[in-house]
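The values are calculated or read from the model by the stated rules, or taken from the named source; none is laboratory data. Just so it is clear, the model here is predicted, and its values are computed rather than measured. Heads up, the Cβs are rebuilt from the backbone with ideal geometry, glycines too, and the neighbour counts pull from every protein chain shown. SASA here: full protein model, heavy atoms, side chains in, ligands and nucleic acids out. Shrake-Rupley method; radii C 1.70, N 1.55, O 1.52, S 1.80 Å.
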Amino acid sequence: MTTATGTFTVRAWDEAPYEERDGGAKLTRAAVTLAFSGDLEAEATVQWLMSYAPDGTAAFVGLQLVAGTLGGRAGSFVLQDVGTFAGGVARGAWSILAGSGAGDLAGISGSGSFEAGQDAIYSLDYEAG
């Protein structure tokens, strides 16, 4: 298994509530564009569903399409995200959806994690198909 590491930045963020509850809790949907650098040079589009507690912490799930170059191979794949937001930091885990790889990344598998606070870093353990 190979490990890819690097950073990412948010290029666009469009978030809106679809359900607001008593006390400030809410459910939102966010359409986000990310730019990855490091071992993964790519752009990703992601849809996150988030559940915010009244204290501002949140849990989220999402799917993101990643397109670019990983380990010198050009292509795309889909990541499934699960994570939390607390204290100004988002932390999450990724898994590459089986069968989602395309181009030189067809057959890719793996999992990883990310943390986004003041800086945004990722780690992705993968096997290219």
Q. Is it true that some residue in segment 97-112 is of a type in the set (D, E, K, R), more than 30 Å from Thr57 (Cα to Cα) and in contact with a Gly (Cβ under 6 Å, 6 or more places away or on another chain)?
A. yes
Residues of segment 45-81 being in a loop (DSSP other than H, G, I, E, B) and touching a strand residue (DSSP E or B) at 6+ places or on another chain (Cβ under 7 Å), in sequence order, are Thr57, Gly71
Return yes when Arg29 is out of contact with any His (no Cβ under 6 Å at 6 or more places or on another chain), in contact (Cβ under 8 Å) with a residue 24 or more places away in the chain and among the basic types (Lys, Arg) and no when it is not.
no
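Please determine whether any residue of segment 12-26 is more than 18 Å from Ala128 (Cβ to Cβ), in contact with a helix residue (DSSP H, G or I) (Cβ under 7 Å, 6 or more places away or on another chain) and not in a strand (DSSP E or B).
Checked against the condition, which is being more than 18 Å from Ala128 (Cβ to Cβ), in contact with a helix residue (DSSP H, G or I) (Cβ under 7 Å, 6 or more places away or on another chain) and not in a strand (DSSP E or B), segment 12-26 yields no hits at all.
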Condition set open to solvent by 20 Å² or more (accessible area, probe 1.4 Å) and touching a residue at least 40 places away in the same chain (Cβ under 8 Å), scope segment 46-96, selection nearest to Thr5 (Cα to Cα): answer is Gly71
The condition from (1) within 15 Å of Glu115 (Cα to Cα); (2) under 10 Å from the mean Cα position of the chain (by Cα); (3) not hydrophobic (A, V, I, L, M, F, W, C) that Gln47 misses is numbered (1)
For segment 107-115, state whether one or more residues are touching a strand residue (DSSP E or B) at 6+ places or on another chain (Cβ under 7 Å), free of Cβ contacts under 8 Å to residues at least 12 places away in the same chain and more than 17 Å from Leu34 (Cα to Cα). no
